[in-house]
Amino acid sequence: MDTINIFNVFITIISFIINIFFIIPFIVKVFDYFLDKRFIKKVLNFSKEPVQIYPSTYALQANLNKTYTFISYEFLKSLNNISKILQSTDQKYNIVDVNLDTTSKDEINIGGFITNKKVNVYFSTHFKNFKFITDIKYKEEHDTYTIDKSMIEYDTKDFGFRMNNNKDCFLETNDRNDYAFLIKLVNSDFKEDYNRCVHILFGGGSIGTIKAAEYLSTHYKQIYKKFRNNHYFFAIEVSRIDGSINHARGIIDLTDIMFDKDTNDDPTYVTPLDKGDQFPQRG
């Protein structure tokens, strides 16, 4: 009888250990799920109303009388990542025409100020001294676009992004690398009395835009831990060769530079660089 009791106790202990072995990982997964959901919601900072997603587009003139507008490739790739994080938080969304007036709504804008008219307006209003320096060969094409082109400058050798009239505040793009930009505007950034949040995701090229959306969908914890519920403006270096992100360089924080009130009020103001700013010296 004692042998049977000892055996039963042994079986009970083994069963308990096995149950614990399976239950603990399950509990951890459930905890991580709800923790992830919390981080995503805090970074996005959206209300319960459907968020408006504005696509990047390009125009193709079929003949002299008709021009067709198409959604860009990078938007379709980016939407896949964005829709996943929205669905994970039960956030409804609409893909809307840039010509519709939804200024009181939360937004996600995919694409830069050349391919997305909403982004063009935001840069014209909030980030006047952000400059995209591209090849002079694109100027004739850009001149046909009905957008504010004051953010575009042309060169024959040095291409990239310059911030706030500071020649040392420059992110160079070339055949090897691009940059993904992630921007968040919160209610305090708008003069209108709207309780809304606007996200802007873009890059110098398609790979930059795609990686901006990917970074938001996979690194929301890091973004929230660094910026909390505040606005932000940062860049991530991306390889054009294999699409990898330069994690060693990490987040290139441009928030203080790009939300500088002196710069927005005076387009000729030059923002000084702090010692900690991540801009390599240009020789």
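The values are calculated or read from the model by the stated rules, or taken from the named source; none is laboratory data. None of these values were measured; they are calculated from a predicted model. Please note: Cβ atoms are built from the backbone with ideal geometry, for glycine as well, and neighbour counts cover all protein chains shown. Remember, those area values only see protein heavy atoms, side chains included, never the ligands or the DNA or RNA. Shrake-Rupley method; radii C 1.70, N 1.55, O 1.52, S 1.80 Å.
If R₀ is 35 angstrom, what is the calculated FRET efficiency for the pair residue 94 and residue 156, using the beta carbon separation as r and rounding to 0.05?
0.25
So how much accessible area does residue 158 have, in Å² to the nearest 10, using a 1.4 Å probe?
50 Å²
Rounded, prolate or oblate, given the Cα gyration tensor of region 81-161, with a/c below 1.5 counting as rounded?
prolate
Would you mind computing, in nm to one decimal, how far apart the modelled labels at residue 84 and residue 230 are, each placed 7 Å from Cα along Cα→Cβ?
Output for this residue pair reads 3.0 nm.
Once the other residues with Cβ under 13 Å from the Cβ of residue 212 are scored (Lys, Arg +1; Asp, Glu -1), what is the net sum?
Counting the neighbours of residue 212, the net charge comes to -1.
Add +1 for every Lys or Arg and -1 for every Asp or Glu among the other residues with Cβ under 11 Å from the Cβ of residue 202, and state the total.
-1
Sort 203-216, 40-53 by packing, meaning the average of other beta carbons within 10 Å per residue, with the highest value first.
Highest mean packing first, the order is 203-216, 40-53.
Can you put 12, 115 in order of accessible area, largest first, using a 1.4 Å probe?
Heavy-atom accessible area, descending, gives 12, 115.
Give me the net charge for the shell around residue 151: Cβ to Cβ below 9 angstrom, other residues only, Lys and Arg +1, Asp and Glu -1.
Once positives and negatives cancel, what remains is +1.
For a protection proxy built on the mean count of beta-carbon atoms within 10 angstrom, sort 132-140, 176-184, 159-167, 74-82 highest first, please.
176-184, 74-82, 159-167, 132-140
What are the equivalent ellipsoid semi-axes of region 115-215, built from the alpha-carbon gyration tensor (square roots of five times its eigenvalues), in whole angstrom, biggest first?
Ellipsoid semi-axes (Å, largest first): 24, 16, 14.
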